[in-house]
1. Give me a count of the residues in the range 156-214 that are within 24 Å of P265 (Cβ to Cβ), open to solvent by less than 20 Å² (accessible area, probe 1.4 Å) and acidic (D, E).
2. Inside the range 119-137, can you point out the residues that are in contact with a strand residue (DSSP E or B) (Cβ under 6 Å, 6 or more places away or on another chain) and of a type outside the set (S, T, N, Q)?
3. Residue check, D134 against (1) without any contact (Cβ under 8 Å) to a residue 40 or more places away in the chain; (2) among the charged types (D, E, K, R); (3) closer than 26 Å to L287 by Cα, all met but one. Which one?
4. Take the residues in the range 268-290 that are in a loop (DSSP other than H, G, I, E, B) and out of contact with any Leu (no Cβ under 8 Å at 6 or more places or on another chain); name whichever of them is surrounded by the fewest Cβ atoms within 10 Å (Cβ to Cβ).
5. Under 7 Å by Cβ, and 6 or more places apart or on different chains, what pairs join a residue from the range 176-188 that is within 17 Å of S160 (Cβ to Cβ) with one that is part of a loop (DSSP other than H, G, I, E, B)?
6. It is to be established whether one or more residues within the range 79-92 are in a helix (DSSP H, G or I), of a type in the set (S, T, N, Q) and without any contact (Cβ under 8 Å) to a residue 12 or more places away in the chain.
7. Does at least one position in the range 240-261 carry a residue that is assigned to a helix (DSSP H, G or I) and over 19 Å from T307 (Cβ atoms)?
8. Among the residues of the range 301-314, are any among the aliphatic types (A, V, I, L, M) and at pLDDT below 95?
Amino acid sequence: MKRRSLMKAAALTAVMGLTAGVALAQDEAEKKVIGVSIPSATHGFMGGLNWHAQDTIERMGETYPNLEFVLATAGDAAKQVSDIEDMMATRNIDGLVVLPFESEPLTGPVASVKEAGKFVTVVDRGLSQDGIEDLYVAGDNAAFGRVAGEYFSENLEAGSKIVVLRGIPTTLDNERVEAFQAALEGSDIEILDMEHGNWNRDDAFTVMQDFLSKYPEINAVWAADDDMAIGVLEAIAAAGREDEMWVIGGAGMKEIVKRIMDGDPQLPVNVTYPPALISSAIEMTALNFVSNAPMTGRFIIGSQLITPENAEQFHFPDSPF
């Protein structure tokens, strides 16, 4: 349902652009180069996001022959900074779509792109300084944390003990965790510990192993990401403590959603955060150069709770994620 809504939103944006009128006939329009800089496919969500980015670039290139796209993926912040600097130096990009690997290291380099007069779209993980980008596209990170926190508050008894896995240190991770903690206020649920699992199942496995060794009683785990949830579940299984706690991840990975559909007691619910948000970012950036439609501001995609009752609506077995 959420991915369909995202597609509808993107389609509506396209219609707005067409209604406003294409600025120039495609065969006469000036060539524009759009750089797309995203993290490499280090985990499931990013694998899905990379797939959607490549698919959207191919579609946009066919639709708008005057647009050229330069895609670069990076496994760390330093590589991403280098990619962006190279795009500016060797391709003289007119626009940049960037999903920062980390917020702080990318803020200065992206600000330099904006200062050079380029159109900048920031996706998902915000920069550490407000107001740099022309367009911001993201899921509703506060809602992502709040929806999960409300479920914990409503479904755990007072005095219950939980652990939390955080993502890579970014503004969006801060937003999620702050909203989650706010939703727990007054519930008398104790957060025993909170560590960064970096949205990586191997790191999450290691963090959860540490939690399990330190805490004899854990009633539930907020993994805050489906890749981390898989690592957490593996650690719980290795410790033989499957019957002691349930786990909530996030983003709607098809394997997780299927287990919710099947009534797995370890995975009662999930929270949506679609990797196809990169498609909205690329398409809206493209429309900035080929239409008169306004493309500045914030485009926020809501989060929903996936339950056994509605999980089928969120299960896409042919999806890469």
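The values are calculated or read from the model by the stated rules, or taken from the named source; none is laboratory data. What you see is a predicted model, and the numbers here were worked out from it, not measured in a lab. Here the Cβ positions follow ideal geometry from the backbone for every residue, glycine too, while neighbour counts run over all protein chains shown. Ligands, DNA and RNA are stripped out before the accessible areas are found, and what is left, the full protein with its side chains, is counted by its heavy atoms. Shrake-Rupley method; radii C 1.70, N 1.55, O 1.52, S 1.80 Å.
1. Counting residues in the range 156-214 that are within 24 Å of P265 (Cβ to Cβ), open to solvent by less than 20 Å² (accessible area, probe 1.4 Å) and acidic (D, E) gives 0.
2. The answer is F119, V120, V122, V123, D124, E133, D134, L135, Y136, V137.
3. Here D134 meets the rest and fails (1).
4. Step one: filter the range 268-290 for residues in a loop (DSSP other than H, G, I, E, B), giving 268-269, 273-276.
From what is left, the residues that are out of contact with any Leu (no Cβ under 8 Å at 6 or more places or on another chain) are 268, 273.
Values: P268: 18, Y273: 28.
In this case the residue turns out to be P268.
5. As it stands, the answer is S187/A158; D188/A158; D188/G159, since those pairs meet every condition given.
6. Yes: one or more hits.
7. Scanning the range 240-261 turns up no residue that is assigned to a helix (DSSP H, G or I) and over 19 Å from T307 (Cβ atoms).
8. Yes, the conditions are met somewhere in the range 301-314.
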